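A.B. asks: Before I ask anything, here is the structure I am working with.
Read-outs: derived from the displayed coordinates by stated rules, not from any lab. None of the values given here were measured: they were computed from a predicted structure. When we count neighbours, we look across all protein chains shown, and the Cβ atoms used for this are built from the backbone with ideal geometry, even at glycine.
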Amino acid sequence: MNNPMLRALLAACLIATPVAAAEFADGTTDLPTPRFVSIKSGSAMMRTGPGERFPILWEYKRAGLPMEILKEYEIWRQVRDPEGVTGWMNKALLTGARTGIIRDSVRLLYVAPDLKSRIAWRIAPGAVVNITLCEDLWCRVSKDGKSGYILRAHMWGTYAREKIEG
């Protein structure tokens, strides 16, 4: 892509800026889908369909677990969990707080977004972190009073090149 104006326009579209969402009478919003959110409390039921009459597919007992909203239907959100399981949750069980879950193996976090910088700490796979900033390949995350930079590809909970400013 050689057109600088087109590149700038596309880059602007990739920036995640906090915007007040419009909520409609049916419970849906004007927020984009897909998008990432997290579980609000320590107990959240995923159902097979958008309503309480649908069977419970899974109960999540981990506040902060990232989820991806795929669709909205009234007060229900079709979500996908970090393992790829898809179902429906009531929007009251979710929050816009951005979190990520560490993938695959123990990962290194750095004091700066550079593999040559000092290692800040190590984090176990499956740990949930709060995302405070993401640019390009790196995200700044925190957990239990510690913070550092991690390669975006080492966690689930953001889109490639998504810019997050928290």
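A.B. asks: Using a ≥ b ≥ c from the Cα gyration tensor of the chain (square roots of the eigenvalues), is it rounded, prolate or oblate, where a/c under 1.5 gives rounded and otherwise the larger of a/b and b/c decides, a/b for prolate?
C.D. replies: Verdict is oblate for the chain.
A.B. asks: Here's something else I'd like to know. With +1 on each Lys and Arg Cβ and -1 on each Asp and Glu Cβ, how big is the dipole of the chain about its Cα centre, in debye rounded to the nearest 20?
C.D. replies: Computed about the Cα centre, the dipole is about 580 debye.
A.B. asks: Now, a different point. Loop only by DSSP, 12 or fewer other Cβ within 10 Å of the Cβ. Give me the GluC sites (Glu not before Pro) in segment 56-108 that pass, ordered by residue number.
C.D. replies: 83
A.B. asks: So how tilted is helix 4-13 from the main axis of the chain? Cα-based, degrees 0 to 90, rounded to 10.
C.D. replies: Between the helix axis and the principal axis of the chain, the angle is about 50 degrees.
A.B. asks: Restricting to Cα pairs below 8 Å that are 6+ residues apart, what does the relative contact order work out to for the chain? Please round to a whole percent.
C.D. replies: 19
A.B. asks: With the Cα gyration tensor of segment 100-165 giving a ≥ b ≥ c as the square roots of its eigenvalues, does the rule (a/c under 1.5 for rounded; else a/b larger than b/c for prolate; else oblate) give rounded, prolate or oblate?
C.D. replies: Verdict is rounded for segment 100-165.
A.B. asks: Using a simple charge model, +1 on the beta-carbon of Lys and Arg, -1 on the beta-carbon of Asp and Glu, nothing else, what dipole does segment 28-114 show about its Cα centre, in debye to the nearest 20?
C.D. replies: Dipole size: approximately 140 debye.
A.B. asks: Given the Cα-Cα distance of residue 59 and residue 21 and 0.36 nm per residue of separation, how much length would full extension add, in nm?
C.D. replies: 10.9 nm
A.B. asks: Now for a separate question. Using only Cα atoms, locate the centre of segment 85-107 and the centre of segment 122-166, then give the distance between them in Å, rounded to an integer.
C.D. replies: 13
A.B. asks: Separate question: Straight distance only, please: which lysines reach the Cα of residue 40 with their own Cα at less than 22 Å, same-chain residues fewer than 8 apart left out?
C.D. replies: By straight Cα distance, residue 40 reaches 61, 71, 91, 143, 146.
A.B. asks: Rounded to the nearest 500, what is the 222 nm mean residue ellipticity of the chain from helices alone, with -39500 (n - 2.57) per DSSP H run of 4+ residues and division by all residues?
C.D. replies: -2000 deg cm²/dmol
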